[in-house]
Each structure stands twice: as C-alpha cells, then as structure tokens.
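The values are calculated or read from the model by the stated rules, or taken from the named source; none is laboratory data. Quick caveat: nothing in here was measured; it's all calculated off a predicted structure. Virtual Cβ from ideal backbone geometry, glycine too; neighbours counted across all protein chains shown. With ligands, DNA and RNA removed, areas are computed over all heavy atoms of the protein, side chains included. Shrake-Rupley method; radii C 1.70, N 1.55, O 1.52, S 1.80 Å.
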Amino acid sequence: MLQKWKMFNPTTFRHSKNRYKTLLTAKLIALQSRFISNQIARNLFDEIPQNVNNRILKSYCRDKRYKEALSLFSRLFSSEKPDLYSIPAALKACAALKALDFGKAIHSFSKKDGQIGSNLFVGSALIDMYAKCGAMDESLRVFEEYSESDTVLWTTVITGFEQNGRSLEALAFFSRMAMAEGVVIDPVVLVSVVSACVQLLELKMGRSVHGYVIRMGLGSGLPLSNALLNLYGKTGLVNYAARLFEGMEEKDVISWGSMIACYAHHGGAEESLVLFDEMVARGIEANAVALISVLQTCEANCSLDEGKRIHELAARNGLDADVLVSTALIAMYMGCSAPDEAAEVFKRTPEKDAVCFSAMLRGCVENERACESIGVLRVMLGSGFWPDAFDAVKILASCSELGVLQQTRCFHGFAIKCGLGGDSFVSASLVECYAKCGSLDGAASIFGCVKDRDVVMWSSMLAAYGIHGKGREALALFDEMVKNSGVRPNEVSFVSLLSACSHAGLVREGIEMFDLMVNGYKLAPNSKHYGIVVDLLGRVGEVEKAMGFVNGMADCGDPSVWGALLGSCRVHRNEKIAEIAGRKLVELDGCDADAGYYVLLSNVYAVDEKWGEVARVRGLVEEKKMKKVSGRSVVEVGDEVCSFVANDRHCQESNHICDLVRILHGMMKEEFSCSFPDRCVALESVTIDPL
DNA sequence: GAAACTTCTT
C-alpha cells in the first residue's frame with residue numbers, strides 16, 4: 001500500500017498524460033485526499049472532469065465516508081452543475097447522515113432540470129433519502145410525482161414505511177404494488193414485506209410470502225432467506241426456522257446470528273451456544289449482533305463461564321469496545337450476579353449511550369448496589385442522558401433501599417421535570433419510596449394525586465401503611481379498593497395487606513384476609529404469603545398451628561417460610577419445631593444462603609444452653625464461608641443529608657448521593673424553576689452539605 | 001458510470 005502512495009505524487013500527477021483515464025487514479029485520489037493538503041486537493045478536483053468526480057463520489061459512499069462525499073459534492077455544486085450520476089450518490093450520503101436540509105437542496109435543484117427531475121434513479125434516491133430522514137410524507141410526495149414507477153421506486157417506499165415502523169402502511173402499499181399493472185415483484189421488495197410482517201408478527205402473511213417465494217423460485221437470495229428465517233425466529237416457530245436454516249445453501253453471519261437469536265429468545269440456550277461455536281469453528285467471524293444474541297443466552301441461563309468465554313472472543317475480534325456489545329456484556333455480567341465484572345466493562349466502554357448507562361444502573365440496583373447505582377445516575381446526567389421511567393423506578397428502589405428522604409424528594413422533583421410524573425410505575429415507586437424513607441405523608445400525597453389508580457398503585461399504598469404499622473388503615477384502604485375502585489386485588493396486593501396486618505399484630509384479620517385471598521379471590525398463595533401467615537401465627541404463639549400450615553403448603557421449598565417459623569420457635573422456645581425448621585433450612589441451603597438463619601438457629605440452642613449444638617451450627621457458618629449482611633443506617637439531621645457510614649467505601653458512596661442531589665438541584669434551578677415553582681421553592685430549603 | 005433488502009442493545 002505504501003508503495004502505491006509513493007508512486008502517487010500530486011504535483012507530477014497533474015501533468016501526466018491520460019491522468020483521468022483509469023478508475024485506479026480516481027480511487028487513488030479518493031483515498032489520497034485524506035493525506036494531501038486541502039489546497040492541493042482543491043486544485044486537483046477543479047481540474048478533474050465530472051465523470052471522475054462521480055467515481056470519487058461513489059467510492060466515498062462505498063467506503064461510508066459520507067461527509068467527505070458531501071463536501072466534494074458541494075464543491076462541484078459551486079463550480080458546475082451536478083449531473084444525473086452524482087445526484088443519487090450525494091442523496092445516498094444525505095440519507096446515511098440524515099442530512100435532510102442538504103437533501104432538500106439537492107431535491108429543489110433537480111426539480112429545475114427536466115431530465116434530472118424525471119430520472120428514476122434520482123427519484124428512488126430522493127424517496128430513499130426522505131424515508132431515511134424520517135420524512136415519509138415527503139417521500140410519498142416524490143413517489144406520486146412519477147407516473148411510471150418501477151419495482152425499485154415501489155420497493156423504496158415500502159422499505160421506507162417498514163423502517164419507520166409503519167409496517168401496516170408498508171403492507172398496504174405492497175398490495176397496491178401487486179395490483180398495479182406490470183410492476184415486477186422481485187426478491188428485494190419481498191425482503192421488506194417479510195420484515196414488515198415480522199414487525200407486526202403477521203405470521204400468516206409472512207408464510208404466504210414464503211409460499212409465493214417457493215412457487216416462483218425466488219428463494220435463492222440470501223437477504224430474503226434471512227428475512228424469512230427472522231420471521232420464524234421472531235414468531236417462535238423454532239422448528240420452521242431450524243429447517244429453513246438447515247436447507248439454506250448459502251449462509252452468512254446474519255443467517256447464523258438470526259438462528260442463534262431465535263434459540264436465545266425461545267429457551268434454546270444450549271442450541272444457541274452450540275450454534276455459536278459451530279459458526280466460529282466454520283471460520284465465520286462473529287460480528288456484534290451474533291455476540292449480542294449469544295450473550296443474551298448466557299444472561300438468561302446465568303452461564304457466567306460461557307459469558308466470560310464469549311467476552312474473551314469479543315475482545316479478540318476487537319468488538320468489546322462496541323457500545324452494543326459492551327451493553328450486552330454488562331447485562332450478562334449483571335444477570336449472572338457479577339457486578340464487578342460488569343463495572344469493569346462499563347469503565348472500559350469509550351462511548352457510552354443512554355442504553356449502556358441504563359443497563360449499568362439497573363444492574364447495580366438488581367445486584368443490591370444502591371449507592372453505586374446512584375453514582376451511575378450521576379455520571380449519566382453529567383453525560384447528558386436522562387433516565388426513562390424504567391430507570392426512575394430502579395433509582396427509587398435504590399433510594400428506598402438507602403432510606404434517603406431528601407434524595408427522594410429531589411429525584412421526585414426531577415422525575416416531574418423529565419415528564420415522568422404521570423407514569424403509573426414511577427408513581428407507585430414514589431409511594432413505596434416515600435414510605436420506606438419514613439414519610440407516610442409523602443406516600444399518601446402521591447397516592448392522592450393519582451387519578452387512575454391501577455392495582456400496582458393500590459398495592460403500593462397498602463404496603464406503605466404496612467411499613468408504618470398502620471394495619472387498620474391498610475384494611476380500610478383495601479375495603480375502599482374492592483368496594484369503590486373496581487380494581488381487583490392480585491397476589492401482590494395481598495402480600496402488602498397481610499404484611500400490614502402482621503406488622504400491626506392483627507392476627508385474626510390477617511388470617512381472614514388470607515382466607516379471602518385463597519377462597520374468595522381464588523388466588524394461589526406463594527411463599528411470601530405463607531411466610532407472613534407463619535409469622536402472624538408465630539407472633540401469638542401458635543407455633544404448632546404454623547407448623548401444620550407449613551406442612552400444608554404445595555411447595556415447601558422457600559427458606560423464608562422456614563425462617564419465619566424458626567423465628568417464632570426462638571421467641572416461644574419451641575425447640576422441637578426449631579430443630580425441624582433448622583434442618584430444613586440447612587437442607588434448602590442454596591446459593592443465596594443467609595447466615596442470619598443459622599445465627600437464629602444457634603440462638604435457639606443457646607437459650608437452652610445446648611452449647612454443642614451452638615458450636616455445630618456456628619461451624620457450618622464458618623465452613624460455608626457465609627457472612628451475615630451487616631446493617632447500615634442513614635440519618636438525617638435537620639436539613640442535612642448524612643449517611644451513617646461504616647468504612648471508606650461507604651464514605652465514597654455517600655458522596656455519590658450528595659453530589660447527585662447537588663446536580664439535580666442545579667438542573668432544577670437553571671432549567672425548570674419557572675414551570676414548577678412550588679417544587680423548586682421546596683427544594684430551595686434543602687441544604688446540602690455532605691459529610 | 002447511477003437506485004431498493006436481511007440479524008442485535010437496557
């Protein structure tokens with residue numbers, strides 16, 4: 001390559017004979033223009049006839065150097081008029097860059113010239129440009145100007161509709177095309193038609209297209225086969241997809257990727273991984289899309305080791321810095337309970353987008369890293385990305401976990417400014433969050449403001465009363481819910497209600513509500529319900545009854561139920577049942593064993609001074625290297641936000657939170673103070689002086 | 001010398 005560059009000297013080139021003749025020279029100019037000075041490049045271009053410039057333009061587009069293509073086109077435009085051949089190329093660049101204004105300028109220019117204006121190549125390029133810039137109305141207008149449209153023009157419009165998410169219109173347009181006389185249906189238009197069917201999950205239509213393809217012998221094209229593969233993959237017809245895939249004579253990375261994704265999304269984790277390995281073994285280099293699909297498999301299957309292997313492979317292919325791949329890696333590590341690895345990937349991702357931030361933020365919350373999640377939010381806001389409703393719910397879960405009222409207030413204000421105030425999930429989370437941060441008034445005020453309360457909203461408020469020990473209020477609210485709102489309670493509503501009864505010591509009412517749930521609403525109780533009822537019975541010393549209750553459970557595999565029973569045994573010194581519950585807990589000990597239960601069991605023995613047993617149980621804790629999760633406190637003194645910190649890491653985490661409050665504060669004052677004065681006045685009074 | 005199409009991210 002270097003040799004070629006040396007051979008090309010711009011000065012001598014200008015005087016050489018036949019200098020414009022070969023395609024090679026045009027290519028060289030296109031490539032070389034990166035390295036030679038602007039002045040020399042400009043002089044060269046001024047002397048080059050249009051056909052060579054067109055070749056340069058085309059080669060720019062082929063190499064996806066669209067900006068350079070447009071700047072060359074602009075220069076051409078200033079000195080001479082562009083011709084039939086340069087316009088489609090320039091429009092392609094506009095489409096790729098979504099440079100609508102530039103495209104419009106080219107459009108108005110071509111309208112002035114009769115020959116250009118009626119040219120079908122120009123027409124399709126215009127339709128495509130408008131469609132890719134999201135201006136479908138303009139796109140259609142151009143199409144309607146052509147009285148004799150060919151297959152490509154029709155296809156461009158159909159593709160435009162499909163890519164703008166207007167698949168119904170794409171299909172309607174296709175049926176118009178099929179009816180219109182003399183328009184040839186070719187494999188390319190069918191690709192877009194099948195894609196539209198995929199978007200609409202319109203399996204019937206998709207299959208009839210497949211039938212048509214077979215009848216007409218159009219099935220050899222790779223994009224069409226891939227589109228059909230995707231149709232079966234997305235609609236869950238795994239066997240159809242597999243048969244089609246097997247029968248394909250030619251397969252590219254898209255075919256493999258689609259099949260891997262099909263298995264990944266339809267419970268075929270093993271097949272997905274096997275296929276991925278087979279693809280790699282056949283020398284087909286995994287691209288970002290294939291990697292993402294297989295990483296989703298690892299995530300869904302909690303296959304950390306496989307995930308790490310794929311990560312290494314991605315790194316070898318140089319794709320680990322790709323933001324889509326990084327995001328999939330973060331999600332995979334988070335899903336496999338490996339947040340440190342996820343954080344490492346996050347740190348190394350050079351250009352993070354909103355989705356990447358979201359993946360990290362949500363992953364932190366799901367891995368019980370509340371403080372870190374707030375740190376991520378801080379950086380996210382600093383990078384100009386705003387949380388969506390799902391993120392907001394997660395952030396509020398973190399605020400709940402930390403019990404930080406001031407931050408909740410701040411974030412609440414911010415959520416309103418983000419336009420998330422009306423979101424029912426966010427509102428329900430706010431109710432829970434205010435309640436968990438100690439402000440039942442805050443929770444009730446949110447609840448009061450929501451007009452259309454759904455079951456989540458009602459359940460959240462029931463839970464809020466429960467947290468504050470207001471069992472009677474919860475029962476009254478439940479009464480109002482079933483009598484006046486028309487909203488039917490679900491399993492979660494009963495968890496909240498039962499827990500409210502339990503916290504308030506309303507044993508009889510709790511049992512009654514459990515009965516209402518099972519026999520009245522015919523809802524199947526889960527371990528949470530059983531746990532609460534066992535706890536309720538235990539509170540009034542009905543340990544034997546609780547034991548009978550546990551024995552009646554359909555699935556007796558949840559440690560929390562046995563833990564609740566064990567807790568009652570400790571209070572009421574029932575060593576016999578404690579023994580049974582303790583044994584069961586050790587037996588059920590899964591990956592998320594909590595040392596707390598073992599400590600509880602050892603305490604039962606300690607009360608009766610059975611020191612041998614105490615030592616045995618404590619030995620188990622040592623042996624399994626379990627740690628009891630230590631508690632933390634957050635204290636608010638006056639207007640100051642203080643986290644009660646245990647070590648350096650917590651100190652750092654607290655700073656995250658306080659910084660976030662400061663950032664949110666700044667945003668509110670600068671950008672939104674006019675539109676929401678009341679909220680901002682309230683925030684003015686919050687003094688933030690961390691640690 | 002020129003135009004349309006396929007897999008994937010929280």
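Filtering the range A:609-626 down to residues that are among the aliphatic types (A, V, I, L, M) and in a helix (DSSP H, G or I), which residue is farthest from A:Tyr598 (Cα to Cα)?
Checked the range A:609-626; the qualifying residue farthest from A:Tyr598 (Cα to Cα) is A:Ala615.
Name the single residue that is nearest to DNA strand B (Cβ to nearest atom) among those in the range A:139-152 being assigned to a helix (DSSP H, G or I) and surrounded by fewer than 21 Cβ atoms within 10 Å (Cβ to Cβ).
Per the stated criteria, the residue is A:Val152.
What's the number of the only condition in (1) within 13 Å of DNA strand B (Cβ to nearest atom); (2) over 26 Å from A:Gly335 (Cβ atoms) that A:Glu285 fails to meet?
(2)
Could you list, in sequence order, the residues of the range A:177-186 that are surrounded by fewer than 16 Cβ atoms within 10 Å (Cβ to Cβ) and either in a helix (DSSP H, G or I) or polar (S, T, N, Q) (or both)?
Across the range A:177-186, the qualifying residues are A:Ala178, A:Met179.
Based on what the data block shows, is A:Val189 open to solvent by less than 30 Å² (accessible area, probe 1.4 Å), aliphatic (A, V, I, L, M), within 8 Å of DNA strand B (Cβ to nearest atom) and touching a His at 6+ places or on another chain (Cβ under 9 Å)?
Values: open to solvent by less than 30 Å² (accessible area, probe 1.4 Å): yes; aliphatic (A, V, I, L, M): yes; within 8 Å of DNA strand B (Cβ to nearest atom): yes; touching a His at 6+ places or on another chain (Cβ under 9 Å): no.
Taking the combined requirement at face value, the residue does not satisfy it.
List the residue pairs whose Cβ atoms are under 7 Å apart, where the first residue sits in the range A:439-461 and is among the acidic types (Asp, Glu), the second is part of a helix (DSSP H, G or I), and the two are 6 or more positions apart or on different chains.
Listed pairs, sorted by first residue: A:Asp454/A:Ser424.
Please verify whether A:Ala125 is surrounded by 21 or more Cβ atoms within 10 Å (Cβ to Cβ) and touching a Pro at 6+ places or on another chain (Cβ under 7 Å), treating the condition exactly as stated.
Working: surrounded by 21 or more Cβ atoms within 10 Å (Cβ to Cβ): yes; touching a Pro at 6+ places or on another chain (Cβ under 7 Å): yes.
Yes: the conditions hold for A:Ala125.
Considering only the range A:49-65, state which residues are within 9 Å of DNA strand B (Cβ to nearest atom) and either closer than 21 Å to A:Met136 by Cβ or part of a helix (DSSP H, G or I) (or both).
Residues satisfying the conditions are A:Gln50, A:Asn51, A:Val52, A:Asn53, A:Asn54, A:Arg55, A:Leu57, A:Lys58, A:Cys61, A:Arg62.
Given the conditions (1) under 29 Å from A:Glu509 (Cβ atoms); (2) at pLDDT below 80, which single one is not true for A:Ser602?
(1)
Could you run through the range A:422-445 and say how many residues are under 18 Å from A:Val492 (Cβ atoms), open to solvent by less than 20 Å² (accessible area, probe 1.4 Å) and over 24 Å from the mean Cα position of the chain (by Cα)?
3
What single numbered condition from (1) touching a Phe, Trp or Tyr at 6+ places or on another chain (Cβ under 6 Å); (2) more than 13 Å from DNA strand B (Cβ to nearest atom) fails to hold for A:Ala338?
Failed condition: (1).
Given A:Val198, A:Val238, A:Val253, which one is touching a Lys or Arg at 6+ places or on another chain (Cβ under 7 Å) and among the aliphatic types (A, V, I, L, M)?
A:Val198
For A:Ala170, all conditions in the list (1) more than 30 Å from A:Asn119 (Cβ to Cβ); (2) more than 10 Å from DNA strand B (Cβ to nearest atom); (3) assigned to a helix (DSSP H, G or I) hold save one; what is the number of the exception?
(1)
If you take the residues of the range A:66-101 that are within 15 Å of DNA strand B (Cβ to nearest atom) and not in a helix (DSSP H, G or I), which of them is surrounded by the most Cβ atoms within 10 Å (Cβ to Cβ)?
Selected residue: A:Pro82.
Out of curiosity, is A:Leu201 open to solvent by 70 Å² or more (accessible area, probe 1.4 Å), modelled with pLDDT of 95 or more and closer than 30 Å to A:Asp150 by Cα?
It is true that A:Leu201 is open to solvent by 70 Å² or more (accessible area, probe 1.4 Å), modelled with pLDDT of 95 or more and closer than 30 Å to A:Asp150 by Cα.
Select from the range A:264-279 the residues that are over 16 Å from A:Asn226 (Cβ atoms), touching a residue at least 24 places away in the same chain (Cβ under 8 Å) and either more than 14 Å from DNA strand B (Cβ to nearest atom) or touching a helix residue (DSSP H, G or I) at 6+ places or on another chain (Cβ under 6 Å) (or both) and list them in ascending order. Walk me through it before giving the result.
First, pick out the residues of the range A:264-279 that are over 16 Å from A:Asn226 (Cβ atoms): A:264-274, A:276-278.
From the residues that got through so far, the ones that are touching a residue at least 24 places away in the same chain (Cβ under 8 Å) too are A:264-266, A:268-269, A:272-273, A:276.
Of everything in the range A:264-279, those that are over 16 Å from A:Asn226 (Cβ atoms), touching a residue at least 24 places away in the same chain (Cβ under 8 Å) and either more than 14 Å from DNA strand B (Cβ to nearest atom) or touching a helix residue (DSSP H, G or I) at 6+ places or on another chain (Cβ under 6 Å) (or both) turn out to be A:Ala264, A:His266, A:Gly268, A:Ala269, A:Ser272, A:Leu273, A:Phe276.
List pairs: first in the range A:538-554 and in the same structural domain as A:Gly567 (by TED's automatic domain parsing), second modelled with pLDDT of 85 or more and among the β-branched types (Val, Ile, Thr), Cβ under 8 Å, 6+ apart or cross-chain?
A:Arg539/A:Val507; A:Val540/A:Val507; A:Ala546/A:Val533; A:Ala546/A:Val534; A:Phe549/A:Val533; A:Phe549/A:Val534; A:Val550/A:Val534
Can you tell me which residue within the range A:341-355, out of those that are within 16 Å of the chain's Cα centre (by Cα) and open to solvent by 10 Å² or more (accessible area, probe 1.4 Å), is nearest to DNA strand B (Cβ to nearest atom)?
By that ranking, first place goes to A:Val355.
How about the range A:299-335: which of its residues are buried (at least 16 other Cβ atoms within 10 Å of the Cβ), among the small types (Gly, Ala, Ser) and away from DNA strand B (no atom under 14 Å from the Cβ)?
Matches in the range A:299-335: A:Ser303 only.
Residues in the range A:356-375: is at least one open to solvent by less than 10 Å² (accessible area, probe 1.4 Å), at pLDDT below 95 and in contact with a Phe, Trp or Tyr (Cβ under 6 Å, 6 or more places away or on another chain)?
no
Pull up the range A:217-271, narrow it to residues that are among the polar types (S, T, N, Q) and part of a helix (DSSP H, G or I), then point me to the one that is surrounded by the fewest Cβ atoms within 10 Å (Cβ to Cβ).
Taking the range A:217-271 as the starting set, the residues that turn out to be among the polar types (S, T, N, Q) are A:220, A:225-226, A:230, A:235, A:239, A:255, A:258.
Next cut, part of a helix (DSSP H, G or I) only: A:225-226, A:230, A:239, A:255, A:258.
Numbers: A:Ser225: 27, A:Asn226: 24, A:Asn230: 24, A:Asn239: 9, A:Ser255: 21, A:Ser258: 26.
Ranking the qualifying residues of the range A:217-271, first place goes to A:Asn239.
Could you grab me the full set of residues in the range A:227-275 that are over 20 Å from A:Ala288 (Cβ atoms) and β-branched (Val, Ile, Thr)?
A:Thr235, A:Val238, A:Val274
Kindly evaluate A:Glu246 against the criterion of being of a type in the set (D, E, K, R), more than 10 Å from DNA strand B (Cβ to nearest atom) and over 24 Å from the mean Cα position of the chain (by Cα).
Taking the combined requirement at face value, the residue satisfies it.
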